[in-house]
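Below is one structure, written out as structure tokens, with a few remarks after it.
The values are calculated or read from the model by the stated rules, or taken from the named source; none is laboratory data. Please read all numbers here as calculations on a predicted model, not as lab measurements. No Cβ is skipped: glycine too gets one built from the backbone with ideal geometry, and neighbour counts run over all protein chains shown.
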Amino acid sequence: MQCGRLSAVGVGYGARAVWCGRGETAAGRGVVAWRGSMVIRRASNDITTFLNTENIRLYNGAKMPTGLFSEGEVSGRITKLRKHMDEAGLAACLFTSIHNINYFSGGFTYCAFGRPYGLLVTPEKHLTISALVDAGQPWRRSAQDNIIYTDWKRDNFFRTVVQELGVTVGAMGVEEDHLSLQAATKLRTHLTNKLIDVSEATMRIRMVKSKEEIAVIKNSAATADLGGWACAEALGVGVPEYEVALAGTQAMVRNIAKLYPDSDLMDSWVWFQSGINTDGAHNPVTTRRLQSGDILSLNCFPMPQGYYTALERTWFLNHCSDHHLKNWEANVAVHKRGLELIRPGVRCSDIACELNELLAQFGLLKYRSFGYGHSFGVLSHYYGREAELELREDIETVLEPGMVISMEPMITIPEGQPGAGGYREHDIIVINDDGPENITHFPFGPEHNIFKT
């Protein structure tokens, strides 16, 4: 048997295969054969052979469901991608970002720790490229095939890309917004194929959600609501921020496990901020203890296998001063107006401009922090962003059915001024054929979110 090539009874769910080092034979050196979860070691411990092995295929165990989506959903995404490749004259695509690898593999979310990962797609091939530190897990979560590069020589990732691309002639799509200058240089050193950016094209594919994606997003939004109520239960004078955050995170992870028992559980988190810590939307949790009258900022982020949703609310503990109340009511008014503006056929920039006018009338525009909303999908605080679907003045995208977007106005009043702190509300809106659907159900505003303990 010649190794370095796929030798399996299939690459669908439940497949078993043999893997070998590149350029070796089963009767020779550098071979470990896998049958299901059983390993049969037939390799020598020859150090030279070991260090010269650039990549292997390791089909350890059986294929797993993608976790959130059907095989039909995943194959549909690949079909859309290959259609774009054909129209753009691309012979292949090499994705390196977590978001595109997750999206086009149907659920594999890599953990880099400084190592490169990839997804190579050609008209015939769909192959994740992973580091040996993860063993067989990337193959189990990949829709089709996987190859592993070894750490023993620098740039084995790039050599593996070249090997798997073979004699493919033509341009290769890459993500210029993710590929570092160093990685791009190495690709050009190893390849003769021209590199063409596909980050914007694939972003547009991801911007319009399928029915299955919207179902996941709705479940995740409901999970965020559960996390919010768990945080509310944990409130109390003297309770540190991190204890409130832990309560919300535990509730969300447990609910995701119940909803999607075949999924990977990683990355869900809560940012819970109090007092001056509310001034930034993404400020980390601290050990600060809650005080009566504190302005509080709730941020719940459930992450079922890479799919982001959020619940964000302004709260107060026990009481709210008149100055705080005035600012809060103004931001809530902007939030309500924004919810009314989100509908099919409206440009993102027009929504932002109208809300600017309203904030200016309240005298609060100068305290605005960021855009009024953004898209959802494969997204986190360290990967992914569908930048053409944001409620900003420079975004001309027209809202259409299948898009999912937030409304989340925020103002920050600096410390030392009356009513100081950060105010933010956040709801998730699904754009349907018959109009918008708000899938966030945790209440907002002063009549609901002054919690007395």
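Condition check ((1) in a helix (DSSP H, G or I); (2) more than 30 Å from residue 396 (Cα to Cα); (3) in contact with a Lys or Arg (Cβ under 7 Å, 6 or more places away or on another chain); (4) not small (Gly, Ala, Ser)) across all residues:
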position	(1), (2), (3), (4)
287	no, yes, no, yes
296	no, yes, no, yes
312	no, no, yes, yes
339	yes, no, no, yes
351	yes, no, no, yes
Selection from the range 353-368 of residues farther than 17 Å from residue 395 by Cβ and surrounded by fewer than 16 Cβ atoms within 10 Å (Cβ to Cβ) yields 357, 360, 361, 363, 365, 366
Count of residues meeting criterion [of a type in the set (Lys, Arg), more than 26 Å from residue 182 (Cα to Cα) and touching a strand residue (DSSP E or B) at 6+ places or on another chain (Cβ under 9 Å)] in the range 73-124: 1
Quick count over the range 192-226, residues being in a loop (DSSP other than H, G, I, E, B) and within 21 Å of residue 122 (Cβ to Cβ), is 4
When residues of the range 140-155 are filtered for being over 14 Å from residue 264 (Cβ atoms) and surrounded by 22 or more Cβ atoms within 10 Å (Cβ to Cβ), how many remain? 5
Would you mind finding the one in 212, 124, 175 that is surrounded by fewer than 18 Cβ atoms within 10 Å (Cβ to Cβ) and assigned by TED's automatic domain parsing to the domain that holds residue 103? 124
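Would the range 368-384 turn up any residue that is touching a Pro at 6+ places or on another chain (Cβ under 8 Å), modelled with pLDDT of 95 or more and assigned by TED's automatic domain parsing to the domain that holds residue 230?
Within the range 368-384, one or more residues are touching a Pro at 6+ places or on another chain (Cβ under 8 Å), modelled with pLDDT of 95 or more and assigned by TED's automatic domain parsing to the domain that holds residue 230.
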Checking residue 430 against (1) part of a loop (DSSP other than H, G, I, E, B); (2) surrounded by fewer than 22 Cβ atoms within 10 Å (Cβ to Cβ), which single condition isn't satisfied? (1)
Among (1) modelled with pLDDT of 95 or more; (2) hydrophobic (A, V, I, L, M, F, W, C); (3) surrounded by fewer than 17 Cβ atoms within 10 Å (Cβ to Cβ), there is one condition residue 81 misses while meeting the rest; what is its number? (3)
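Kindly indicate which of 356, 449, 432, 438 is of a type in the set (S, T, N, Q) and farther than 30 Å from residue 274 by Cβ. It would help to see each step written out before you state the result.
Values: 356 fails: farther than 30 Å from residue 274 by Cβ; 449 fails: farther than 30 Å from residue 274 by Cβ; 438 fails: farther than 30 Å from residue 274 by Cβ.
So the residue among 356, 449, 432, 438 that is of a type in the set (S, T, N, Q) and farther than 30 Å from residue 274 by Cβ is 432.
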Before we move on, is residue 197 charged (D, E, K, R), surrounded by fewer than 21 Cβ atoms within 10 Å (Cβ to Cβ) and assigned by TED's automatic domain parsing to the domain that holds residue 114? yes
State whether one or more residues within the range 231-246 are touching a residue at least 60 places away in the same chain (Cβ under 8 Å) and assigned to a helix (DSSP H, G or I). yes
Set 397, 412: member being in the same structural domain as residue 316 (by TED's automatic domain parsing), under 20 Å from residue 202 (Cβ atoms) and buried (at least 17 other Cβ atoms within 10 Å of the Cβ): 397
Only one of (1) in contact with a helix residue (DSSP H, G or I) (Cβ under 9 Å, 6 or more places away or on another chain); (2) in a helix (DSSP H, G or I); (3) surrounded by fewer than 24 Cβ atoms within 10 Å (Cβ to Cβ) is not met by residue 334, so which one is it? (3)
